[in-house]
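Read the structure below first, then the notes.
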Amino acid sequence: MFKNKLTFKLLFFLVLTDFLETFIHLCFKKSTLLEEGVVITNSSELFVFLQNVFSSPFLLIGLVLVVGTFILWSSLLSRVDLSVAVPICSFSYILIPLASIIFLHEKVSLFRWGGVLFILLGVVLVSLSTSEKGRVLE
């Protein structure tokens, strides 16, 4: 069963979920970077590590955004087919490495970018096969 037609507004909110997801991952990573270099060898060190991570404002922001993104995503899925929504929301495969480079100063190798390209190619092929199926059924 095909849902409502994909409007610009729905497309905007689908792409917004990608940006939110990227920001969520950055927040979670930043919450652990506060404890960078910590070696956990016993349960008391683990407890201190977790206490510091869970007191991070980045973790709280990330968790609030997870809830908000879940509500937005659920609302979108009630209006858009899953087979359409997920391929559109695959830009995070590009956004997360880019954000990692810009905000976390990580190095992303050409080999890893090649992997991202293959994933995106697969997403395009799935999207094309989904749109072909939709034309046959209409």
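Annotations for the structure displayed:
- With respect to the chain, whose longest principal axis is taken over its alpha-carbon atoms, helix 43-54 is tilted by about 50°.
- Magnitude of the charge dipole, region 8-137, Cβ model with Lys/Arg +1 and Asp/Glu -1, debye to 20: 400
- Relative counts (whole %) of C-alpha pair distances in the chain, using bins that are 5 Å wide: 2, 9, 14, 16, 16, 14, 12, 8, 5, 3, 2, 1, 0
- Helix 110-137 axis, angle to the chain major axis (alpha carbon atoms, nearest 10°): 30
- Degrees, to the nearest 10: 8-33 long Cα axis against longest axis of the chain: 20
- Dipole of the chain, positive end: most advanced residue of VAL38, PHE70, ILE96 [Cβ charges, Cα centre]: PHE70
- Full-stretch length increase - SER74, GLU36 - with 0.36 nm per residue and alpha-carbon distance subtracted: 10.2 nm
- In this label model, PHE49 and PHE111 are separated by 2.6 nm, measuring between points 7 Å along each Cα→Cβ vector.
- Estimated purely from DSSP H runs of n ≥ 4, each contributing -39500 (n - 2.57), the mean residue ellipticity at 222 nm for the chain is -26000 deg cm²/dmol once divided by its residues.
Each value in this text was obtained by applying a stated rule to the coordinates, not by laboratory testing. All values reported here derive from a predicted model rather than from experimental measurement. Neighbour counts are summed over all protein chains in view; Cβ atoms, including those assigned to glycine, are modelled from backbone coordinates with ideal geometry.
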